[in-house]
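The values are calculated or read from the model by the stated rules, or taken from the named source; none is laboratory data. Here the structure is a predicted model, which is why all the values come from computation and not from measurement. All Cβ positions, glycine included, derive from the backbone under ideal geometry; neighbour counts span all protein chains shown.
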Number of protein chains: 2
Amino acid sequence: MTDRSIDTLKALFSPSSVAVIGASKEKGKLGHIILSNIIKRGFSGKIYPINPKYDEILGLKTYKSLLEIKNKVDLAVIVVPSKAVLGVVKECQKAEIKGTIIISAGFGEAGAHNVEGEISEIAKNSGMKVIGPNCQGVISSRSKLFAWFGPIPKRNGNVLFITQSGALAGMIIGWANHRNLPLFDTVVSVGNKCDIEEAEIIEYFSSDPHIKAIMIYLEGLKDGRRFIEVATRVTRVKPIIVLKGGKSRAGARATMSHTGSLAGSDRIYAAAFKQAGIIRAESIRNMINTARIFAKQFPPKGGKVAIITNLGGPGVITADMCEKYGLNISKFSDETVLKLKEKLPSYCTVSNPLDLTGDPDPTRYKIALKEVYSDKEVDCVIIVAGPLVGGEVVANFIVDFFNKYKKPTAVCWVTENHETKEVKILEESGIPTYEMPEDAVKSMAALVTYAEYLQKESIRKSRGNL
Amino acid sequence: MTDRSIDTLKALFSPSSVAVIGASKEKGKLGHIILSNIIKRGFSGKIYPINPKYDEILGLKTYKSLLEIKNKVDLAVIVVPSKAVLGVVKECQKAEIKGTIIISAGFGEAGAHNVEGEISEIAKNSGMKVIGPNCQGVISSRSKLFAWFGPIPKRNGNVLFITQSGALAGMIIGWANHRNLPLFDTVVSVGNKCDIEEAEIIEYFSSDPHIKAIMIYLEGLKDGRRFIEVATRVTRVKPIIVLKGGKSRAGARATMSHTGSLAGSDRIYAAAFKQAGIIRAESIRNMINTARIFAKQFPPKGGKVAIITNLGGPGVITADMCEKYGLNISKFSDETVLKLKEKLPSYCTVSNPLDLTGDPDPTRYKIALKEVYSDKEVDCVIIVAGPLVGGEVVANFIVDFFNKYKKPTAVCWVTENHETKEVKILEESGIPTYEMPEDAVKSMAALVTYAEYLQKESIRKSRGNL
């Protein structure tokens, strides 16, 4: 990536000034919602509403056109009717805008590929970067820039989400808000991708230490080769989780009218993704859950998992799920088994899954956690717990051993609501909690798969195969 | 099933009197929790606490032993230490108790198979029915009988749940409570099943019109042949959904110590279940979600599904999921396509999935619902909706067309919480709402599979093959 590209993308994702072209005084209009979100969420740079009809919107001086502004503007958000977009883009070029986000729809997805082609040409020739058209905007939470008309995240996290569906981003933000979970640092709704594709964005963010995981909802790629090439480099430093839309015939037909994307052969995608070390999500929920563990934890040293539970049936189901999703259920070392047998009541099941039965006191959990975490035959831990007397104490024990032994940990804490203190303690300490055993297992399985990929890659690298 | 059996099981599930043997004054003890649940939840029959140490517990006269009670008692709940259980069971026999629930643990699951065998013999010889040991009890919500020490459901539903894991029942009750959803009518925690197995329970409830679906968590069967034989009869009148624990090697090992069950070969189970028309759940969530649609709806006439959405990406993903789970995405009739093209804005995608795009007004949904529900090429409908201005109006439209055309309907309503008015309107009208598209798709797929099974069975029947 050239220095100029980096500089331009910086202007897009952390601009010092932004113009909203098509800003509006009417409350329901996108041009109003976006301007309002930029102002209210605390963007600290200069904000220029642009609309020839007004002198002022939301207390800000409003300009007739971009060319009226004397200072240089980094970013332009375009919310004008589709017919006016091309003219506005040309103006942006004239005004030497570095980046634009075209919210307006009515292009490739509606069969109007020509205009998109023209915009794409302008971008290529001028070096101006264009996101969209037909998109929901960009969230850059560290810049407090919400050039965005969907739901607003309550909390900021460490995940970069690139999506061909703004609605999906809105859905996931709602999901996280409901649970008061931090998730996204940056969200880029790429829409029809007439200029910027995923490759450029992941390359730009690959060196950003704040981003711990990259999550992508993808319908189609214009430059598939480049995506795979860039992803292959990026996955060595950051995990990439992709949910691919349009796998089915009906789904592929729908992507055409949704973002004008050719979904392409799923078999080819699958093979290329695997080779590039991309983790493929099987569903929306699986994508979120996987990103959550990647955002907080680290790949384990190996794939041997321990299950600790006080719930018999759910423990059995968790073991079944581990086998289904390719996790290797550890055989505890003889020493661990001996110690557990010595210290736990005789009716506890000392094997893996380790069933502490019924309603154990926190001490029983402490014994189990201590022996299991310290066992060399254990690389990662899945805990299926609750409801417990002393649940908070148990949650704190889990955090202690997780921190001490640095073994990736996922918890399914069975609870009537998402806001118990136990869940809070775990989440705030970097341990994701899940609603169901299968969620914890699948997320852990993804972490193990990624660990294996990194190991293979580092072996390849050390052998000079790269 | 003999009249005597029916009469005895009636005494178990809707008794007119209950004794709690091992009732306790100490708050944390199971003997206290169970007695307290029976009293507080409004059981209207006679309640007899039994404990030689007390004269009164929770305001009720307490007896030294069962034999002290002069009236006949229908049901005895046994919560004494494992060593005392056999003696108590013999007393129950002497007192001509019809049914007993043995909560106490420490039998087959702890290797003590002999005592279980003796209890089983007593039951067989006397005709007294025994549930357990090592179980969480029974919930009979219509009798307001909560002989149960786990979480209590906030609302009553139409599902019978038979489970070898009390913890799992507790987990699911918590899940439903959190969402304020009705789910269970009856819950039977069968534990080690020394006497009563699933077969007897499903046979008893098969003629109960209030029960709309049967949900089973199963670790092992003692009499597999009988279960399949009874299930084959019952599935013709009521759907049975089974989650099988102990599929994996580690899982099977865990079932041994959990309920003393031999999990058996999964391949044999799979084949037998399929032949019996049993719907197999792949996970806890899938079991709940499937039971929810069965509890409220009816098998469709065919398998052609329509997807209606205002969320592009989630619509694409729903179509992908339909193909993955074997649902046939309908090709709308020419008439429907024509009418939709005529009535909807040009930027809506008139195909299946039907994408109403962005933020449609309720009228647009009404047009879509009317044409799609009335299309003969559509047997069932999946709607992926929200967030919407006028969401309540849309929810009411969905209910109207669902009622008019009687086509099974599942909704994924994208919302920040489970208690929006839209969700309430749908749920109260018999339309289950799901968190994610895959949940709706899998549930609908189960409904279609069941419909196909019923059709095949009725053809077999009419040909005299049965």
Number of the exception - B:Ala23 against (1) surrounded by 22 or more Cβ atoms within 10 Å (Cβ to Cβ); (2) touching a Lys or Arg at 6+ places or on another chain (Cβ under 7 Å): (2)
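With respect to B:Ile172, determine if the residue is in contact (Cβ under 8 Å) with a residue 60 or more places away in the chain, within 13 Å of the chain's Cα centre (by Cα), within 11 Å of another protein chain (Cβ to nearest Cβ) and surrounded by 21 or more Cβ atoms within 10 Å (Cβ to Cβ). So that I can check it myself, show each step before the final result.
On the way: in contact (Cβ under 8 Å) with a residue 60 or more places away in the chain: yes; within 13 Å of the chain's Cα centre (by Cα): yes; within 11 Å of another protein chain (Cβ to nearest Cβ): yes; surrounded by 21 or more Cβ atoms within 10 Å (Cβ to Cβ): yes.
Here the answer is yes, as B:Ile172 does meet what is asked.
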Every residue from the stretch B:27-48 that is within 10 Å of B:Phe149 (Cα to Cα) and free of Cβ contacts under 8 Å to residues at least 60 places away in the same chain: B:Lys29, B:Gly31, B:His32, B:Leu35, B:Ser36
Count of the stretch A:109-123 residues which are under 28 Å from the mean Cα position of the chain (by Cα), more than 14 Å from chain B (Cβ to nearest Cβ) and not hydroxyl-bearing (Ser, Thr, Tyr): 2
Index of the failed condition, B:Ser257 passing every other in (1) touching a helix residue (DSSP H, G or I) at 6+ places or on another chain (Cβ under 9 Å); (2) at pLDDT 90 or above: (2)
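Residue-by-condition table, conditions (1) touching a Lys or Arg at 6+ places or on another chain (Cβ under 8 Å); (2) without any contact (Cβ under 8 Å) to a residue 24 or more places away in the chain:
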site: A:Ile308; (1), (2): no, no
site: A:Gly315; (1), (2): no, no
site: A:Ser351; (1), (2): yes, yes
site: A:Thr357; (1), (2): no, no
site: A:Asp361; (1), (2): no, no
site: A:Ile367; (1), (2): yes, no
site: A:Pro387; (1), (2): no, no
site: A:Val393; (1), (2): no, no
site: A:Ile398; (1), (2): no, no
Filtered residues of the stretch A:399-419 (kept if assigned to a loop (DSSP other than H, G, I, E, B) and either of a type in the set (Phe, Trp, Tyr) or in contact with a Gly (Cβ under 7 Å, 6 or more places away or on another chain) (or both)): A:Val414, A:Thr415, A:Glu416
Whichever residue in the stretch B:40-90 is of a type in the set (Asp, Glu) and farther than 24 Å from B:Ser143 by Cβ and, among such residues, is surrounded by the most Cβ atoms within 10 Å (Cβ to Cβ): B:Glu68
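I'd like to know if the stretch B:256-263 contains one or more residues that are over 28 Å from B:Arg226 (Cα atoms) and in contact with a Gly (Cβ under 6 Å, 6 or more places away or on another chain). Write out each step before concluding.
Pass one, the stretch B:256-263, residues over 28 Å from B:Arg226 (Cα atoms): none.
The answer is no; no qualifying residue exists.
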Residue selected from the stretch B:234-271 under the condition in a helix (DSSP H, G or I) and surrounded by fewer than 17 Cβ atoms within 10 Å (Cβ to Cβ), by the criterion nearest to the other protein chains (Cβ to nearest Cβ): B:Arg249
Of all residues in the stretch B:155-168 being farther than 16 Å from B:Asn289 by Cβ and touching a residue at least 40 places away in the same chain (Cβ under 8 Å), the one that is nearest to the other protein chains (Cβ to nearest Cβ): B:Ser165
Tally, over the stretch A:423-448, of residues that are more than 13 Å from chain B (Cβ to nearest Cβ), in a helix (DSSP H, G or I), in contact with a Leu (Cβ under 9 Å, 6 or more places away or on another chain) and under 28 Å from B:Gly150 (Cα atoms): 1
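Matching residues to (1) surrounded by fewer than 20 Cβ atoms within 10 Å (Cβ to Cβ); (2) of a type outside the set (Lys, Arg):
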| position | (1), (2) |
| --- | --- |
| B:Tyr365 | no, yes |
| B:Asp375 | no, yes |
| B:Gly390 | yes, yes |
| B:Val394 | no, yes |
| B:Lys424 | yes, no |
| B:Met436 | no, yes |
| B:Asp439 | no, yes |
Matching residues in the stretch A:150-189 - criterion: being at pLDDT 95 or above and among the basic types (Lys, Arg): A:Lys154, A:Arg155
Residues of the stretch B:145-169 that turn out to be over 15 Å from B:Leu243 (Cβ atoms) and not hydrophobic (A, V, I, L, M, F, W, C), as a count: 8
Any hit, the stretch A:183-201, residues being touching a strand residue (DSSP E or B) at 6+ places or on another chain (Cβ under 6 Å), more than 11 Å from chain B (Cβ to nearest Cβ) and hydroxyl-bearing (Ser, Thr, Tyr): yes
Selection within the stretch A:272-302 - within 14 Å of chain B (Cβ to nearest Cβ) and not in a helix (DSSP H, G or I): A:Arg280, A:Ala281, A:Glu282, A:Ser283
Test: residue in the stretch B:218-232 that is over 26 Å from B:Gly108 (Cα atoms), assigned to a helix (DSSP H, G or I) and either within 14 Å of chain A (Cβ to nearest Cβ) or among the β-branched types (Val, Ile, Thr) (or both): yes
Sole exception among (1) modelled with pLDDT of 95 or more; (2) over 21 Å from A:Ala306 (Cα atoms); (3) aliphatic (A, V, I, L, M) for A:Leu426, by number: (2)
Residues of the stretch B:62-91 satisfying the condition of being assigned to a strand (DSSP E or B) and within 12 Å of B:Lys46 (Cα to Cα): B:Leu75, B:Ala76
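Each row is one residue, and each column tells you yes or no for (1) part of a loop (DSSP other than H, G, I, E, B); (2) within 25 Å of the chain's Cα centre (by Cα); (3) polar (S, T, N, Q).
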position	(1), (2), (3)
B:Ser5	no, yes, yes
B:Thr8	no, yes, yes
B:Val20	no, no, no
B:Gly28	yes, no, no
B:Ile38	no, yes, no
B:Tyr54	yes, no, no
Scope the stretch B:320-351; condition more than 10 Å from chain A (Cβ to nearest Cβ), surrounded by fewer than 19 Cβ atoms within 10 Å (Cβ to Cβ) and part of a loop (DSSP other than H, G, I, E, B); matching residues: B:Tyr325, B:Gly326, B:Ser333, B:Pro345
Tally of residues being touching a strand residue (DSSP E or B) at 6+ places or on another chain (Cβ under 6 Å), within 12 Å of another protein chain (Cβ to nearest Cβ) and hydroxyl-bearing (Ser, Thr, Tyr) across the stretch B:386-422: 0
